[in-house]
1. First measure r as the distance between the Cβ atoms of Val193 and Ala118, then evaluate 1/(1 + (r/R0)^6) with R0 = 30 Å and state the FRET efficiency to the nearest 0.05.
2. Given contacts defined as C-alpha pairs under 8 Å and at least six residues apart, what's the relative contact order of the chain, whole-number percent?
3. What percentage of all Cα-Cα pairs in segment 125-196 are separated by more than 15 Å?
4. If contacts are Cα pairs under 8 angstrom and at least 6 residues apart, what is the relative contact order of segment 35-159 in percent?
5. Can you tell me the Rg and Dmax of segment 39-143, counting just the alpha carbons, in angstroms?
6. For the chain, which longest stretch is free of loop sites, where a loop site is one of the trypsin sites (Lys or Arg not before Pro) that DSSP puts outside H, G, I, E and B and that has at most 15 other Cβ atoms within 10 Å?
7. Ala3's amide H: which non-local residues (gap 5+, or another chain) put their own amide H closer than 5 Å, with H modeled 1.01 Å from N in plane and none for Pro or chain starts?
8. Using R₀ = 35 Å, calculate the FRET efficiency as 1/(1 + (r/R₀)^6) where r is the Cβ-Cβ separation of Arg59 and Ser156; round to 0.05.
Amino acid sequence: RPALRVRGVHKTYPGAAAPALDGVDLTLHPGETLAVLGPSGSGKSTLLRAIAGLEPLDRGTVEFGDPDERLAVVFQDPGLFPWLSVRANIALGGRYRRNRDRFDEAHVDELLGILGLAELARTPVQELSGGQAQRVSVGRALAVRPDVLLLDEPFSALDPATRQDLQQWLRGLVRELSLTVFLVTHDVEEALVLGDRIGFFGGPAGFTRQWVPARDGAT
Ligand code: ADP
Ligand code: ADP
């Protein structure tokens, strides 16, 4: 049973000349990483927000494998509380009321180890490098034990060396935890390193955009 199925999703922003999403179909299977690759303005973030339920759609459906399925999103901007510690920022992800049943302090400690952040647990995040901060942001997402992790250009703001480090780091993490991941990126290298399958968005903003679903036979 797919973790996620998107069917015939259309979205045109008010006043826009061309649709941001023009009939997107995709299937995401449990434990796989689907990378959506496309240039800036091709509709990747809109699709991710549509999946997260943050974007009203003109047409189409987004269905999850089971009704209790949980999503967590990581954006390009880590959006942390600068004066709080690494541990406190990660724990915040699990403290929202909806997530309490899946949250416990021991899990946060376990995550700190898995994420390679145990040494930094008590450090205020304002003292971290950009790469470390983004690792904390991934940790905060994982604290809710999501079924599907949505990543929107997670490493695009980082310098190339740090970006490569974090891509390898995330790849290891995804395997270790058998995560189901939906990644959008304009970075070809990132899509190749992380994606089990790659879907393409073509066409710059203002032109007709074409979505080529990743081949999977099961759609
Ligand atoms: P990408 O993530 O691939 O860069 P986006 O989904 O952000 O693409 O944008 C797709 C198109 O929709 C672009 O033309 C962008 O300017 C437009 N767009 C995105 N968000 C909004 C919005 N909130 N209101 C109006 N237009 C938007
Ligand atoms: P991304 O490419 O990662 O989506 P953008 O810089 O395109 O980032 O968009 C950043 C924010 O601005 C998003 O919330 C998006 O919805 C909004 N946005 C993008 N394009 C437009 C637009 N043409 N009109 C209004 N809001 C927009």
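1. 0.75
2. Averaging sequence separation for qualifying contacts and normalising by length gives 32 percent for the chain.
3. 52
4. This gives 38 percent for segment 35-159.
5. According to the Cα coordinates of segment 39-143, Rg and Dmax are 15.7, 48 Å.
6. Counting only loop sites that pass the neighbour cut-off, the longest clear stretch is 123-214.
7. Those qualifying (amide H under 5 Å, at least 5 residues apart or on another chain) are Leu28, His29.
8. Once the sixth-power term is evaluated, E becomes 0.75.
Each value in this text was obtained by applying a stated rule to the coordinates, not by laboratory testing. Just so you know, these numbers come straight off a predicted model, no measurement behind them. Using ideal geometry, Cβ is built from the backbone for each residue, glycine included, and neighbour counts are taken over all protein chains shown.
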